[in-house]
Every structure is written in C-alpha cells, then in structure tokens.
1. Given H placed 1.01 Å from N in the peptide plane, which residues other than close sequence neighbours of Val94 have an amide H under 5 Å from its amide H?
2. Just to be sure I understand the model, the point goes 7 Å from the Cα along the line to the Cβ. What's the resulting Ala164 to Ala9 distance in nm?
3. With each label point set 7 Å from Cα along the Cα-Cβ vector, what nm distance links Gln205 and Thr251?
4. For region 1-130, max minus min Cα coordinate along each principal axis, in Å, sorted largest first?
5. For Lys206, give me every one of the lysines with a C-alpha distance below 26 angstrom, ignoring sequence neighbours fewer than eight places off in its own chain.
6. May I ask you to derive the relative contact order of the chain, considering only C-alpha pairs under 8 Å and at least 6 residues apart, and to give it as an integer percent?
7. State the Cα centre-to-centre distance between region 131-171 and region 51-111 in whole Å.
8. Tell me the mean residue ellipticity at 222 nm calculated for the chain from its helices only (DSSP H runs of n ≥ 4, each -39500 (n - 2.57), averaged over every residue, nearest 500).
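Every read-out reported here was derived from the displayed coordinates using simple, explicitly stated rules and does not represent laboratory data. What you see is a predicted model; the values in this text were computed from it and never measured. Neighbour counts run over all protein chains shown; Cβ positions are idealised from the backbone, glycine included.
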Amino acid sequence: MKISGKFRARVLAREWVVGTWLNLGSPVTAELAGLTGLDWVVLDHEHGPGGEETMLHQLQAVAGTPTVPIVRIAANEAPRFKRALDLGAQGIMVPFVNTAAEAAAAVSALRYPPRGLRGVAKVQRAAGYGTDFEEYYLHAHEWIVNIVQIETAQAVANLDAIAAVDGVDVLFVGPTDLTYGLGIRDQFEHPLFLDAVQRVVAAAQKHGKAPGILVHNPALVPRCRDWGFTFVALGSDGGVVQKGLQQIAATLRGK
C-alpha cells in the first residue's frame, strides 16, 4: 500500500479536514464512509465491538477509497500501536492522554528506532508486505498522524505541556468523557466545558498543532469552526444506522 505525508501536512497546516466515527466494526460501512468525500474516518477500537480481524478488513475496505483511515486504539500501550500500524493505519488516536510523558510515550510507540520504539517487521501490510519497507521505514514518521485525546481535568491542566511534545499532531477533545471528568456530565454548554475546549484550541495553535473534536449535532459544526477547531468529526456509522432504522419503524407505524 502507498501512503504519503500530504494528509499529515494538511492537518498540521490546520486546514479544515473532516471525518466520522466507525464504531460498528463493519468493513461495509467503512467502505461506504470512504466513498462519501470525507477526509478521514476513525475505526473505533476503544469502545467499538471490532477486533484485530475486523480492523484488517476495515482498513482494506477504506484503502480502495480516497479517505484516510485512523484507528483509535483501546489504550496508550506500545503493542496496540504496533498492531494497528502494521495493518495499515495511517493515523493513531490515543485515548486519555493526561500528561506530557504519556504524550511522549505515544509518539515513541508510533515511530521506529532511532526515533522511537516501534517494533520492526518488514513483511507487513503497511510496508507493502516488504516491497516498500525501506521507504516506509525512512518516512513513516513523516506520514502517520498522531492524535491524542483530551478527556480529563488533568489533561486540561497539562495542555500546554502535552501540546509542546514533538510528534503530537492533534489535540482531540473527547467531549462526553471530558464533561464527566470535569464533573458536569453531558453539560456541553457549561462554562467549565466551554473554557476547556477553547483552551485546547489555544494550546494547539500556540504549538503548531491541530485542534480536533467530535460533535453529534450538525448545528454545532459551524460553532466549532468559529472556535478554531480544524480536525472535526460528526456522528458515527452506528448512529446513522440506528436513526435510520428508528425512522423506518416510525414511518411504518404511522408515527
């Protein structure tokens, strides 16, 4: 497979790049999403039902489209990076990054020696099963997008230090977890939440990173853009399917 650094360059230039969540573990919805014109999709392997086998099939499905596949791993653990990257993820989203040390660990797990500690296997999908290994080894750190999630009060307190870590590309707000972490569960208009998300944007801009967020309400997209977010996701395949089926049921029952 062939990847380049064009997408990462767009992200770091804070261009408006948009995506959605894929939490069903389905290669079919992954392929459908990839053909919609979205810039990127997140294969959710933190909360979604998918495993390594579904991850491979999803990545293969997205590979036939112009969309960039990003994998959200379940935890900031080096073996999880290695598996997703070897299978062909072009970005990694890391949940619950609370300190600069945790952000630096994520960067290290994403990069080959001497820049990091990612394990080396030459015959793997990301490197064309060995046919493109040399180019991939030399340049993968320039291509792969590293997204750290800001989801706790501790992360907000450490924003400047996290954003300053070389190799962190996106500071991504996990809105639901962040409201729970701030003690204001699901209160997205609360001053504490609004202050936190604007601090994320400021820290990202200060250190040359991209601020990102997931929104569930289309009406909030212009607002996020006004705040300065540039790496923005709306909804999920699971949500779209659920709402569509609910509408079918309501229509059939005359509601």
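1. Ile147, Val148, Gln149
2. About 2.9 nm, to one decimal.
3. 4.3 nm
4. 37, 34, 29
5. Lys6
6. Working: 510 pairs, mean separation 49.8, N = 255.
Once normalised by length, the contact order is 20 percent.
7. So the two Cα centres are separated by 11 Å.
8. Numbers: 12 runs with 115 residues, N = 255.
Mean residue ellipticity at 222 nm (helix-derived): -13000 deg cm²/dmol.
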